[in-house]
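Q: One structure, as structure tokens, below. Some questions next.
The values are calculated or read from the model by the stated rules, or taken from the named source; none is laboratory data. All values reported here derive from a predicted model rather than from experimental measurement. Note: ideal-geometry Cβ built from the backbone for every residue, glycine included; neighbour counts use all protein chains shown. Note: accessible area is taken over every heavy atom of the protein model, side chains too, but ligands, DNA and RNA are not part of it. Shrake-Rupley method; radii C 1.70, N 1.55, O 1.52, S 1.80 Å.
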Amino acid sequence: MAELEQKQVGKKGKKKGRKKMSTRIDLTPMVDLGFLLVTFFMLTTTFSKPQTMEINMPVKPKGEVKEEEQNALKASKAFNILIGGDNKVFWYRGLPNEPIEPVTATNYTADGLRKILLERNASIPEMVVLIKPTNDANYKNVVDVLDEMNISNIKRYALVDILPQEIDLIKNL
Amino acid sequence: MPKVKVPRKSTLIDMTAMCDVAFLLLTFFMLTTQFKTDESIIVDTPSSISEIKLPETDILNITINKEGKVFFSLDNKNFSRERLLQRISEKYPELQFTAEEEKAFVLTGSVGVPINQLKGYLDLEDEERKMYSQPGIPVDSTNNELGIWIMQGRLSNPNVRITVNADQFCNWPVVKQVINTLQDKNVNKFNLITDLEADPNKLKGI
């Protein structure tokens, strides 16, 4: 109200210098509001998009597969990884009945499975890794083994069902 | 000795700069934000060295939790969730959904109930639905409803990519059953969601 009266006084002709109002506004509440919203968005946002690992499974054959087609893989090139329960992992080369290298227990560390994979991959041309999880295995173990394939840069690998004789092989280890 | 007079300074600070910073950050967060979806399932994924990022849309996600329960979710790009629900009710004529149920289906996160319980699940209040412990989608070979979900999901959005988000301690047979179902539906390429882990080959280079 005081301002209004002042204006009228000014109009009357008295050249009284109008009271200069400061143009400064107190921005503190605005800053408060700004940071409140920043906090809200920071807490509700999802920053990191999850990583994914792509896997390709073979096309499921329709009908019965003939015996000769199934055993197309040469025994000398087969490297089998058997994933057991309790974070156990075993490997052998060749066929279960006549292994070239016998079943050996190893582990998921860099000196375990990875070292063997790198060595064998270098010495055996066109090695194919067969990953065979048992029913006791957990998902993490399987992903770890698939990840080892990426780390050791092995391109030929397959996720296959375990054979009954292979379960017997690792039962007592 | 004359006393040194310390001039009194105003305690007011110019807030303009601070205000600028606050709103700059606010703008940044507002533009980059992606709201978290209502996800009541807790999944601790295993880690891998893979660095492929998950796209934001066109995702059909199958979640497997620690107990081996299977959940299904589809993002709602171009109303694919509405279409999915319509397809489900076409396939199961006894299930007709109301507009409220459809809305609930669009807004909810993952679904993990057998199809015959779906209507009841969508009828729950939002809060109740969050608290409700879902039994998981049946995946056994006699009653494989996950296959139906996958098939209808792909028909609702043909560009969909399939991801499997499984807990690291879930048992392998469950995951195998899910992968078998995917293969039965001719999905031979899919992604496993993992956390990032340092690549030992790259670490050597440092």
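Q: If I filter region A:150-164 for residues that are more than 10 Å from chain B (Cβ to nearest Cβ), over 24 Å from residue B:195 (Cα atoms) and out of contact with any strand residue (DSSP E or B) (no Cβ under 8 Å at 6 or more places or on another chain), do I get at least one hit?
A: The answer is yes; a qualifying residue exists.
Q: Does residue B:93 satisfy the condition of being surrounded by 13 or more Cβ atoms within 10 Å (Cβ to Cβ) and not hydroxyl-bearing (Ser, Thr, Tyr)? Outline the logic, then answer.
A: On the way: surrounded by 13 or more Cβ atoms within 10 Å (Cβ to Cβ): no; not hydroxyl-bearing (Ser, Thr, Tyr): yes.
For residue B:93, the condition - surrounded by 13 or more Cβ atoms within 10 Å (Cβ to Cβ) and not hydroxyl-bearing (Ser, Thr, Tyr) - is not met.
Q: Separate question: Hey, can you tell me all the residues within region B:177-206 that are of a type in the set (A, V, I, L, M, F, W, C), surrounded by fewer than 16 Cβ atoms within 10 Å (Cβ to Cβ) and more than 8 Å from every other protein chain (Cβ to nearest Cβ)? Don't jump to the end; show me each part of the working.
A: From region B:177-206, those of a type in the set (A, V, I, L, M, F, W, C) are B:178-179, B:182, B:187, B:190, B:192-193, B:196, B:198, B:203, B:206; that's our starting set.
Subset that is surrounded by fewer than 16 Cβ atoms within 10 Å (Cβ to Cβ): B:196, B:198, B:203, B:206.
If the condition is that a residue be of a type in the set (A, V, I, L, M, F, W, C), surrounded by fewer than 16 Cβ atoms within 10 Å (Cβ to Cβ) and more than 8 Å from every other protein chain (Cβ to nearest Cβ), then B:198, B:203, B:206 are the ones that fit.
Q: Go through region B:13-66 and count every residue that is facing chain A (nearest Cβ under 7 Å) and open to solvent by 70 Å² or more (accessible area, probe 1.4 Å).
A: Result for region B:13-66: 8.
Q: Now for a separate question. Check A:169, A:118 and return the single one that is within 14 Å of chain B (Cβ to nearest Cβ) and in contact (Cβ under 8 Å) with a residue 12 or more places away in the chain. Outline the logic, then answer.
A: Values: A:169 fails: within 14 Å of chain B (Cβ to nearest Cβ).
Checking each option against the conditions leaves just A:118.
Q: Something else now. Considering region B:156-176 alone, what residues qualify as being more than 7 Å from chain A (Cβ to nearest Cβ), part of a helix (DSSP H, G or I) and surrounded by 19 or more Cβ atoms within 10 Å (Cβ to Cβ)?
A: Listed by number, the residues that qualify are B:156, B:174.
Q: Report the residue count in region B:121-133 for those that are more than 20 Å from residue B:144 (Cα to Cα) and either open to solvent by less than 40 Å² (accessible area, probe 1.4 Å) or outside any loop (DSSP other than H, G, I, E, B) (or both).
A: Quick first cut of region B:121-133, residues more than 20 Å from residue B:144 (Cα to Cα) only: B:122-133.
Those left that are additionally either open to solvent by less than 40 Å² (accessible area, probe 1.4 Å) or outside any loop (DSSP other than H, G, I, E, B) (or both): B:122-123, B:126-131.
Adding up the residues that qualify gives 8.
Q: Right, another one. Give me the pairs, please: first residue somewhere in region B:67-83 and under 15 Å from residue B:145 (Cβ atoms) and of a type in the set (Phe, Trp, Tyr), second residue anywhere and open to solvent by 60 Å² or more (accessible area, probe 1.4 Å) and part of a strand (DSSP E or B), beta-carbon distance under 7 Å, and either six or more positions apart or on two chains.
A: none
Q: Sticking with this one: Residues in region A:121-149 that are among the hydrophobic types (A, V, I, L, M, F, W, C), within 14 Å of chain B (Cβ to nearest Cβ) and farther than 20 Å from residue B:197 by Cα: how many? Walk me through how you get there before you give the answer.
A: Taking region A:121-149 as the starting set, the residues that turn out to be among the hydrophobic types (A, V, I, L, M, F, W, C) are A:122, A:124, A:127-131, A:137, A:142-143, A:145-146, A:149.
Next cut, within 14 Å of chain B (Cβ to nearest Cβ) only: A:131, A:137, A:142-143, A:145-146, A:149.
Next, from what is left, pick out any that are farther than 20 Å from residue B:197 by Cα: A:131, A:137.
Total meeting the criteria: 2.
Q: So, in region A:89-112, of the ones that are touching a residue at least 40 places away in the same chain (Cβ under 8 Å) and of a type outside the set (Phe, Trp, Tyr), which residue ends up surrounded by the most Cβ atoms within 10 Å (Cβ to Cβ)?
A: By that ranking, first place goes to A:89.
Q: Can I ask one more? Would you mind stating whether residue B:35 is modelled with pLDDT under 85, within 15 Å of the chain's Cα centre (by Cα) and of a type in the set (A, V, I, L, M, F, W, C)?
A: Working: modelled with pLDDT under 85: yes; within 15 Å of the chain's Cα centre (by Cα): yes; of a type in the set (A, V, I, L, M, F, W, C): yes.
For residue B:35, the condition - modelled with pLDDT under 85, within 15 Å of the chain's Cα centre (by Cα) and of a type in the set (A, V, I, L, M, F, W, C) - is met.
Q: Give just the number: which of (1) under 27 Å from residue A:145 (Cβ atoms); (2) more than 10 Å from chain A (Cβ to nearest Cβ); (3) surrounded by 14 or more Cβ atoms within 10 Å (Cβ to Cβ) does residue B:73 not satisfy?
A: Of everything listed in (1) under 27 Å from residue A:145 (Cβ atoms); (2) more than 10 Å from chain A (Cβ to nearest Cβ); (3) surrounded by 14 or more Cβ atoms within 10 Å (Cβ to Cβ), residue B:73 misses just condition (1).
Q: Check A:9, A:31, A:65 and return the single one that is modelled with pLDDT under 80, in a helix (DSSP H, G or I) and open to solvent by less than 80 Å² (accessible area, probe 1.4 Å).
A: Numbers: A:31 fails: modelled with pLDDT under 80; A:65 fails: in a helix (DSSP H, G or I).
The conditions single out A:9.
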